[in-house]
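Structure record follows, encoded as structure tokens.
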């Protein structure tokens with residue numbers, strides 16, 4: 001028996017898993033409908049942007065009616081958002097809250113407790129709707145969750161060792177996360193040989209708070225390489241609406257171009273790389289009409305950047321978890337807007353594209369120059385020593401020296417670079433765009449204003 | 001001057017914490033930021049370890065009252081007797097009356113209490129308070145660049 005298989009058997013002998021049948025699950029994936037694979041949909045859906053909302057409820061019935069509502073508005077990809085107890089591997093609390101949710105008919109979990117619901121039950125729902133489902137979670141150790149997702153027919157797995165740690169956790173050990181996700185990539189790669197590939201997606205928004213595009217792109221490509229290294233054949237890089245139309249267009253072009261370049265650099269030329277766009281992930285206005293405008297603008301930009309998939313927000317964003325009606329309305333509106341946007345002319349801003357490309361290459365040069373022997377250790381060391389620095393990360397490993405502000409056109413610019421290994425030329429370019437007074441308070445005032453740019 | 005800061009309790013609201021860190025640094029303080037989800041004991045340990053003269057605790061979800069009400073017990077400690085204790089943020093869960101909240105926190109042992117104050121105005125008050133405090137040498141704010 002391989003080491004991987006031995007580890008999987010130990011992980012799946014969890015007391016909350018009801019007798020996992022490896023052979024049966026393998027057989028299910030082998031014979032599963034192509035319609036369940038987003039990787040298949042990406043290939044056959046030439047040029048159209050797939051629309052995926054967010055959402056997850058604790059009980060089977062509410063989850064089922066959420067999916068029903070989405071199918072009425074012709075959704076392309078269904079979400080399965082997992083509750084926070086499951087994300088922290090606390091299946092005991094999730095079980096208790098699921099039982100109470102069922103008894104009292106109130107939602108006591110903020111998502112679907114997949115482990116407690118089990119894969120046999122969940123698979124019935126997924127195969128009934130016969131639409132790709134995307135696993136949305138935020139789990140540092142997702143080794144068990146991903147097995148049950150795939151066994152349920154959920155063939156897209158979001159997350160990664162950096163993007164699910166730095167924005168979400170204060171002290172989950174970063175090195176452990178790399179190893180746990182390495183296991184997840186191997187499981188995905190193994191299942192990918194049976195039918196269409198399992199698609200992996202990285203979580204580009206990070207903290208969604210003034211993250212400069214070069215950091216987003218470096219982390220997207222680092223997670224992509226770590227995934228492809230283990231044999232994953234379909235991968236989505238992603239980013240979220242920056243608050244600047246220009247920066248979104250430039251980011252999408254550079255991200256696509258460099259993702260392919262770095263895949264080739266590690267010797268991978270047979271994987272499909274997709275681009276996913278998240279609508280605005282920062283603070284939303286409390287005015288629902290303004291929210292509608294923000295969502296429309298996001299849809300329009302997704303069309304302009306030629307995103308393979310857009311992940312939607314709702315007009316109820318400022319008020320908590322959206323109802324299924326709000327959520328379905330957002331899907332319907334976004335599809336309507338996207339349908340208007342065909343044959344958009346190509347957009348070029350050579351100066352911005354060159355600067356962003358240089359910054360990403362300069363950071364990667366420093367990462368590859370780290371003396372560690374494997375890519376994950378090089379990336380780990382680079383996070384530790386501030387070569388990768390995510391603004392507003394709560395994690396103790398994050399360097400927190402990088403400071404960004406918006407320029408007059410709302411582009412996110414690097415004000416203090418901390419230990420970011422960008423060249424003097426790149427840094428000068430960033431600085432030349434910033435327009436702050438000399439008052440030492442002005443940078444803090446500017447940051448406060450910039451975070452609330454959509455309010 | 002050395003300052004220990006962080007967010008008390010099970011509170012992951014990191015944005016204001018980072019803004020406090022940046023603002024204090026721009027005013028010339030040496031900042032030891034313990035970040036989010038910090039317990040009172042960890043704050044006290046850090047103040048002693050770094051020999052800081054100011055402890056600035058913040059709270060956004062309003063849990064601070066439960067976590068900080070026994071601060072006065074620590075103040076007998078010799079290495080803490082010159083330390084200025086400050087707390088700010090949302091200091092009650094739900095609606096709270098400032099005129100009741102501030103005296104309550106002063107009883108818990110805080111020298112300065114800010115309930116839903118503007119960040120920069122609050123820091124100005126702290127600067128001035130420290131200038132009037134004869135036991136402490138005041139840093140000159142230096143420009144960010």
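The values are calculated or read from the model by the stated rules, or taken from the named source; none is laboratory data. Note that the structure is a prediction, hence the values are computed from the model and not measured. Backbone-built Cβ (ideal geometry, glycine too); neighbour counts: all protein chains shown.
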Count - residues of the stretch B:75-117 that are assigned to a helix (DSSP H, G or I) and under 15 Å from the mean Cα position of the chain (by Cα): 6
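Within the stretch A:406-445, can you find the residues that are within 27 Å of the chain's Cα centre (by Cα) and within 13 Å of chain B (Cβ to nearest Cβ)?
Just the residues of the stretch A:406-445 that are within 27 Å of the chain's Cα centre (by Cα), to begin with: A:406-407, A:409-422, A:430.
Passing the criteria: A:415, A:416, A:417, A:418.
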Meets criteria (touching a strand residue (DSSP E or B) at 6+ places or on another chain (Cβ under 8 Å), more than 13 Å from chain B (Cβ to nearest Cβ) and outside any loop (DSSP other than H, G, I, E, B)) for residue A:338: yes
Unique residue being in a loop (DSSP other than H, G, I, E, B), touching a residue at least 12 places away in the same chain (Cβ under 8 Å) and crowded, with 24+ Cβ neighbours inside 10 Å when the list is A:209, A:242: A:242
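With the structure loaded, tell me whether residue B:12 is modelled with pLDDT of 90 or more, within 13 Å of chain A (Cβ to nearest Cβ) and under 20 Å from residue A:401 (Cα atoms) or whether it fails that test. Walk me through it before giving the result.
Values: modelled with pLDDT of 90 or more: no; within 13 Å of chain A (Cβ to nearest Cβ): yes; under 20 Å from residue A:401 (Cα atoms): yes.
No.
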Yes/no for residue A:388 being within 24 Å of the chain's Cα centre (by Cα) and either closer than 23 Å to residue B:14 by Cβ or surrounded by 13 or more Cβ atoms within 10 Å (Cβ to Cβ) (or both): yes
Residue pairs meeting the criteria (Cβ under 7 Å; at least 6 apart or on separate chains; first farther than 11 Å from residue B:60 by Cα, in the stretch B:82-97; second at pLDDT below 90 and surrounded by fewer than 20 Cβ atoms within 10 Å (Cβ to Cβ)): B:82/B:135; B:84/B:133
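Among the listed residues B:87, B:44, which satisfies the condition of being touching a strand residue (DSSP E or B) at 6+ places or on another chain (Cβ under 7 Å) and either crowded, with 16+ Cβ neighbours inside 10 Å or modelled with pLDDT under 95 (or both)?
Values: B:44 fails: touching a strand residue (DSSP E or B) at 6+ places or on another chain (Cβ under 7 Å).
Only one candidate passes the filter, namely B:87.
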Residue match in the stretch B:67-84 (condition: closer than 29 Å to residue A:442 by Cβ and either more than 14 Å from chain A (Cβ to nearest Cβ) or in contact with a strand residue (DSSP E or B) (Cβ under 8 Å, 6 or more places away or on another chain) (or both)): yes
Failed item, numbered, when residue A:444 is tested on (1) within 18 Å of residue A:221 (Cβ to Cβ); (2) outside any loop (DSSP other than H, G, I, E, B): (1)
Residue count, the stretch A:118-138 (criterion: surrounded by 21 or more Cβ atoms within 10 Å (Cβ to Cβ) and part of a helix (DSSP H, G or I)): 3
Failed condition for residue A:279, given (1) closer than 24 Å to residue A:64 by Cα; (2) surrounded by 22 or more Cβ atoms within 10 Å (Cβ to Cβ); (3) at pLDDT 95 or above: (1)
Residue satisfying all of: in the stretch B:20-40; part of a loop (DSSP other than H, G, I, E, B) and more than 9 Å from residue B:3 (Cβ to Cβ); farthest from the other protein chains (Cβ to nearest Cβ) among these: B:39
Matching residues in the stretch A:419-438 - criterion: being at pLDDT below 95 and surrounded by 19 or more Cβ atoms within 10 Å (Cβ to Cβ): none
Any chance residue A:141 is surrounded by fewer than 23 Cβ atoms within 10 Å (Cβ to Cβ), modelled with pLDDT of 95 or more and closer than 29 Å to residue A:392 by Cβ: yes
Residue tally, condition farther than 17 Å from residue A:170 by Cα and either at the interface with chain B (Cβ under 7 Å from one of its Cβ atoms) or in a strand (DSSP E or B) (or both), over the stretch A:389-405: 3
Residue satisfying all of: in the stretch A:52-61; touching a residue at least 60 places away in the same chain (Cβ under 8 Å) and not in a loop (DSSP other than H, G, I, E, B); surrounded by the fewest Cβ atoms within 10 Å (Cβ to Cβ) among these: A:60
Single unsatisfied condition, residue B:95 versus (1) more than 21 Å from residue B:25 (Cα to Cα); (2) at pLDDT 90 or above: (2)
Answer residue from the stretch A:16-41, given it is in contact (Cβ under 8 Å) with a residue 40 or more places away in the chain and assigned to a loop (DSSP other than H, G, I, E, B) and is surrounded by the most Cβ atoms within 10 Å (Cβ to Cβ) among those: A:37
